[in-house]
Amino acid sequence: MPVVLSRVSDAVIDRDELVSAVNGGDAGAVCVFLGQIRDHDPEAEGEVVAIDYSGHPDADRMIGEIAGRQCELLDPSGSARVAVVHRVGRLEVGDLAFAVAVASGHRRLGFELIQAVVGATKAELPIWKHQIEADGRAVWSNLDASAT
């Protein structure tokens, strides 16, 4: 199975764990995407200082299925290996929130799978983002709802 590691958890994301999970002697390329918390967002009125991520109870199962579908589409032979992790809980600026590693025989497939897995996960995985701003304002991203 091309998806060798997938999870949604509150544990700190270990980039080296993802690379080790996918790497092997047949890999001509290991591509990595690291999504981290930034201090700004188009929906924020001020500086973002933290994000509280919450996820659906089935998100841990679903993240692997989402990545698996992208592998089936782009790598029907199953030659690539994918690791994908999304974090939940309170994260501060600079913390890793989402990471994908892909090992493949050639870089093109690696980059294509990274793009596809990141895009599909962001579009389909039921995880919600509650941004906390420096002034105490809190905004649910992409929901157009705010609370103080």
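Here are the numbers for this structure:
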read-out: Output for the stretch 24-49, where each listed residue is open to solvent by less than 50 Å² (accessible area, probe 1.4 Å) and of a type in the set (S, T, N, Q); value: none
read-out: Subset of the stretch 35-63 [of a type in the set (Gly, Ala, Ser) and over 18 Å from Val12 (Cα atoms)]; value: Ala44, Gly46
read-out: Flag for Asp16 being farther than 27 Å from Arg137 by Cα and either among the polar types (S, T, N, Q) or open to solvent by 30 Å² or more (accessible area, probe 1.4 Å) (or both); value: yes
read-out: Scope the stretch 78-93; condition assigned to a loop (DSSP other than H, G, I, E, B) and either modelled with pLDDT under 95 or open to solvent by less than 40 Å² (accessible area, probe 1.4 Å) (or both); matching residues; value: Gly78, Ala80, Val88
read-out: Failed condition for Glu72, given (1) at pLDDT 95 or above; (2) open to solvent by 70 Å² or more (accessible area, probe 1.4 Å); (3) more than 21 Å from Leu109 (Cα to Cα); value: (3)
read-out: Hits in the stretch 121-131 - residues which are touching a helix residue (DSSP H, G or I) at 6+ places or on another chain (Cβ under 7 Å) and crowded, with 18+ Cβ neighbours inside 10 Å; value: Thr121, Leu125, Ile127
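The values are calculated or read from the model by the stated rules, or taken from the named source; none is laboratory data. What you see is a predicted model; the values in this text were computed from it and never measured. Glycine also receives a Cβ, built like all others from the backbone with ideal geometry; neighbour counts cover every protein chain displayed. The accessibility values were calculated without ligands, DNA or RNA, using every heavy atom of the protein model including side chains. Shrake-Rupley method; radii C 1.70, N 1.55, O 1.52, S 1.80 Å.
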